[in-house]
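One structure below.
Bear in mind that the values in this text are calculations on the coordinates, not laboratory data. Remember, predicted model here, so these are calculated numbers, not experimental data. Cβ coordinates were reconstructed from backbone atoms using ideal geometry, including for glycine residues, and neighbour counts include every protein chain displayed.
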């Protein structure tokens, strides 16, 4: 079998083995998997791929490998060997970690000094830092701490031509040069391979409590949610969970133990007659559970925060009338995850309706997990940005031979 | 040599009342807050809207004329310094707040809106705009976006980029594009994230969507007097190590206190190192944490601890701090403001080293800094009238930046690279790093007309072949010089 007109799979594997070592280059199906040990080896692999026109898909543990448009990669660049927390100057509250380190392994190390990267990504036990960053994943903690854009202070990246570049730095405040790490975050590995990431850290939230309010329809939770967000309470996380006939609003507050009572009192005042009960921390796994439904499409829907309950109620309504199963977890920031089960036509109609519905407010719908039956009929990104030509030009400058995840991202980038 | 300016085309673009070509009027625009660099532009245009900005930029693109956009001109690194004979696009007339949305916590403003006017507009409903550079009563949002401005409170609240949701931008081709959205995670590359802090080199922002923040229930400011900035610095490390995230942690040394006192009479205690700690949040929380801060200050030998008792007292404390740069004029005929960043823990060592370096060349350095995030503002004091002293002072200020880089930090935390620190950027980043940044620059501005010759260590041309640096044909032919 051959990988390009000029190279057989075995020739490709042999060359990659000469870079990463025999045991770290293997043929699997119609591609070659290679696991480099460091940024220098990544650079050598990419230089070889670029020179021979072989497509490359960088991957960590593969938890989000199906997100975006499918890619037929000749080389799967496996970052699992690069799994070390390289530096944790805890008094400076920063760290440098290799891209292949799992989120949970990094968390465990940082927790030894009572610190964390203030982000709650999916599948932390498996997901790697590089994958979380490349897909710009993150959960409800974003309300208080911001997203990866606000937590990453520097990066080491490897470009398609083998250039190893550093961007940002290891200090929290820094405006020297362009912030290339912001370009890499959420770029789905189309501009370069992330080798190392520098984070700013926060103290662990030691004393935290979660309360849940329930209602039949999400619309009933609209007023208290708006009042909460307009108040001086600063919750760590707020999420709305909604199914056909059930809705719940979860609020997590971290505070000094002696102040928790005051916060609870303020919260109860906001919720008035709606009952509020303390719940277990595992409600925050709800977003992740949406991905467990076998044949569901999972969407990332971005909307204005004040639209969260209203849009959820609309979705509950369409689920009731059209025989569509929906399961919603929406953060108070306006980022919503929706698991959708229905006949393919109805799913596509609903996604198109949502895109139309959100267009005026600048919102968007990206299909993250797409069941096989929907592939082909659905544009995973639905991006109609007038900056798309500029994005294509950036891609062309960074990866002129289109070897990195070609076609996976918006506008077939 | 630039081609002659197409004055008629510029006049059509912005109207006769939006065009300045007279030499005496042009002199107003020959520098920004970094006054030791001065260059006379060929023309200044004052567009009223994005269409006029587009018309100007298209004209510049067609004739290959460099342009520099400018807000209030308060920048401290020469970012708004004109190119000789080029065009300055002043955004002073684009100063409207277009939309305020409390339910979704954002405002949409034109780039010429003054920073503090955003807060003034939303204050009645209990909101504020968080980034607060010391020049906030005059500097504009467009300039803040260009420099990714910070301020004293970015320790807790983040920088301009943290608060920028979306941008409308005129690209160097004249095309109008939208980056980001009032909703999070617009699909595609995070171009708003890259544009903020690009110092005017990637285009002109004509509309900015900013996040606003609910004002906390209680704000308390504490002043603690120590016998040295090092002791104050240790206190900062201890406060952070205790797991607190104050909204501001500032330090001033004796020289800085003297100058601020002379300028605004802030009633600071005279001491070797003054620490200012601001906490905000719920009443009970702030009270509990303030107790802890006091204990840490006492443990580190604070001679005096004071809490501002009223809003007026708190405002005066901040007035003194924010006036510190300008106040240097009271104690020295000339001074250079620097803007290095170091890891917080390196603070005591770096301060001692700066002291040693200054003494060795017989100069004084005043220190005012955002200690919580390690952002130093060493002020090198000198007298231009003494022959050779300016050169010595400049040399010292650059050596201080090198010291910051060697300590694992950065050459700029909030003032930008601009014209002033181009060479220092080359000390901080290696060639491949700079070449990679250049890929972005060339994708946005292949003709190199948007604030050219800034930020990067040497003029670079956009070679057609992307990737590692290859000499441009003009360079090989000896037509353009790359040094």
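Kindly provide the Kirkwood hydrodynamic radius of the stretch A:226-288 in Å, to one decimal, from all pairs of distinct alpha carbon atoms. All intermediate terms of the calculation are to be shown ahead of the outcome.
Numbers: mean 1/r = 0.0777 Å⁻¹.
One over the average 1/r among Cα pairs gives 12.9 Å for the stretch A:226-288.
Provide the gained length on full extension for the span residue A:343 to residue A:216, in nm with one decimal, where the gain is 0.36 nm per separating residue minus the Cα-Cα distance. List each step's numbers first, then the result.
On the way: separation 127, 0.36 × 127 = 45.72 nm, distance 2.56 nm.
So the extension gain works out to 43.2 nm.
Using helices alone, I'd like the mean residue ellipticity at 222 nm for chain A: each DSSP H run of four-plus residues gives -39500 (n - 2.57), total over residue count, nearest 500. Spell out each step's value before the answer.
On the way: 13 runs with 120 residues, N = 413.
Per the formula, -8500 deg cm²/dmol.
What number do you get for the protein assembly as shown when its Cα radius of gyration is normalised by 2.2 N^0.38 Å, N = residues? Spell out each step's value before the answer.
Working: Rg = 27.3 Å, N = 896, 2.2 N^0.38 = 29.1 Å.
After normalising by residue count via 2.2 N^0.38 Å, the value is 0.94.
How many partner chain Cβ atoms sit within 10 Å of a residue's Cβ in peptide B:150-162, on average, as a whole number?
Working: counts 3, 0, 0, 0, 2, 2, 0, 0, 6, 5, 1, 5, 4.
Mean partner-chain Cβ count within 10 Å for B:150-162: 2.
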Handout entry: Cα-based Rg / Dmax (Å) for the stretch B:217-328
Key = 13.2, 39
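Give the average, rounded to an integer, of partner chain Cβ atoms located within 10 angstrom of each Cβ in A:228-234.
On the way: counts 0, 5, 7, 3, 10, 4, 8.
Mean number of neighbouring Cβ atoms from other chains: 5.
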Practice task
Based on a Kirkwood Rh over C-alpha pairs, give the Stokes-Einstein translational diffusion coefficient of chain B at 4 °C and viscosity 1.567 mPa s in µm²/s.
Solution key: 55
Practice task
Mind pulling up the Rg/Rh value for the stretch A:85-203? Radius of gyration and Kirkwood radius, both on Cα.
Solution key: 0.93
Exercise for the section: For the stretch B:30-92, just say rounded, prolate or oblate: build the C-alpha gyration tensor, square-root its eigenvalues into a ≥ b ≥ c, call rounded for a/c under 1.5, and beyond that prolate if a/b exceeds b/c, oblate if not. Expected result: oblate
Exercise for the section: Please give, to one decimal in nm, the separation of the simple spin-label points placed at residue B:137 and residue B:96, each 7 Å out from Cα toward the Cβ. Expected result: 2.8
Practice task
In Å and from the alpha-carbon atoms only, list the Rg and Dmax of the stretch A:197-314.
Solution key: 15.4, 47
Handout entry: residue A:289 versus residue B:298: modelled label distance in nm, points set 7 Å from Cα along the beta carbon direction
Key = 4.9
Problem - Principal-axis tilt of helix A:9-20 within chain A, Cα atoms, nearest 10 degrees - result: 80
Practice task
Quick one: compute a quarter of the convex hull surface over the Cα atoms of the stretch A:197-236 and quote it in nm².
Solution key: 5.0
Problem - Relative contact order (%) - chain A, alpha-carbon pairs under 8 angstrom, separation at least six - result: 16
Handout entry: Estimated [θ] at 222 nm from DSSP helical runs (n ≥ 4, -39500 (n - 2.57)) normalised by residues in chain B, nearest 500
Key = -10000 deg cm²/dmol
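Relative to the compact-globule scaling 2.2 N^0.38 Å, provide the ratio for the alpha-carbon radius of gyration of the stretch B:332-420. If you can, show how the numbers build up before the last one.
On the way: Rg = 12.4 Å, N = 89, 2.2 N^0.38 = 12.1 Å.
Cα-based Rg divided by the globular estimate yields 1.02.
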Practice task
Round to the nearest 10 and give me the degree value, 0 to 90, for the angle of helix B:431-444's Cα axis relative to the longest principal axis of chain B.
Solution key: 60
Fill in the blank from the handout: Scattering profile of the stretch B:97-214 from the Debye formula, Cα beads only, expressed as log10 I(q)/I(0) at q = 0.21, 0.22 Å⁻¹, is -1.18, -1.30
Problem - Label point 7 Å beyond Cα of residue B:356 along Cβ direction - residues of the stretch B:377-411 with amide nitrogen under 18 Å - result: B:396-409
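Test of understanding: what is the full-extension gain from residue A:227 to residue A:360, defined as 0.36 nm times their sequence separation minus their Cα-Cα distance? Before the final figure, lay out the partial values.
Details: separation 133, 0.36 × 133 = 47.88 nm, distance 2.45 nm.
My answer for the length gained is 45.4 nm.
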Exercise for the section: Report the label-to-label distance for residue A:22 and residue A:72 in nanometres (one decimal), using points 7 Å from each Cα along the Cα→Cβ vector. Expected result: 3.3
Exercise for the section: Post the alpha-carbon centroid distance, the stretch A:258-324 to the stretch A:1-60, in whole angstrom. Expected result: 44
Fill in the blank from the handout: What the Cα atoms of chain A span along the principal axes, largest first and in whole Å, is 71, 55, 37
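Could you calculate the FRET efficiency of residue A:125 with residue A:10 from 1/(1 + (r/R0)^6), where r is the beta carbon distance between them and R0 is 30 Å, rounded to 0.05? Provide the component values of the computation, followed by the final result.
On the way: r = 35 Å, r/R0 = 1.17.
Once rounded, the FRET efficiency stands at 0.30.
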Exercise for the section: Set the Förster distance to 45 Å, then compute FRET efficiency between residue B:261 and residue A:84 from the Cβ-Cβ distance, nearest 0.05. Expected result: 0.35
Practice task
Could you grab the relative contact order for chain B? Cα pairs under 8 Å, six or more apart, rounded to a whole percent.
Solution key: 14
Problem - Angstrom value of the Kirkwood radius, inverse mean 1/r, which spans all Cα pairs in the stretch B:1-121 - result: 15.2
Practice task
Could you let me know the centre-to-centre spacing of the stretch B:384-432 and the stretch B:177-205, using Cα atoms, in angstrom?
Solution key: 28
Problem - Percentage of interatomic Cα-Cα distances in the stretch A:288-374 larger than 17 Å - result: 42
Problem - Efficiency of FRET between residue B:24 and residue B:291 - r from beta-carbon atoms, R0 60 angstrom, step 0.05 - result: 0.50
Exercise for the section: May I ask you to list the residues of the stretch A:198-241 whose amide nitrogen lies under 17 Å from a point 7 Å from Cα along the Cα→beta-carbon direction of residue A:265? Expected result: A:232-234
Problem - Cα-based helix-to-principal-axis angle, A:39-52 vs chain A, degrees rounded to 10 - result: 70
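Stretched out fully, how many nm does the piece from residue A:245 to residue A:372 gain, at 0.36 nm a residue minus the Cα gap?
Full extension from residue A:245 to residue A:372 adds 42.9 nm.
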Fill in the blank from the handout: the stretch A:211-229 scanned against label point 7 Å out from residue A:273 along Cα→C-beta; backbone N under 16 Å for A:214-217, A:220-224
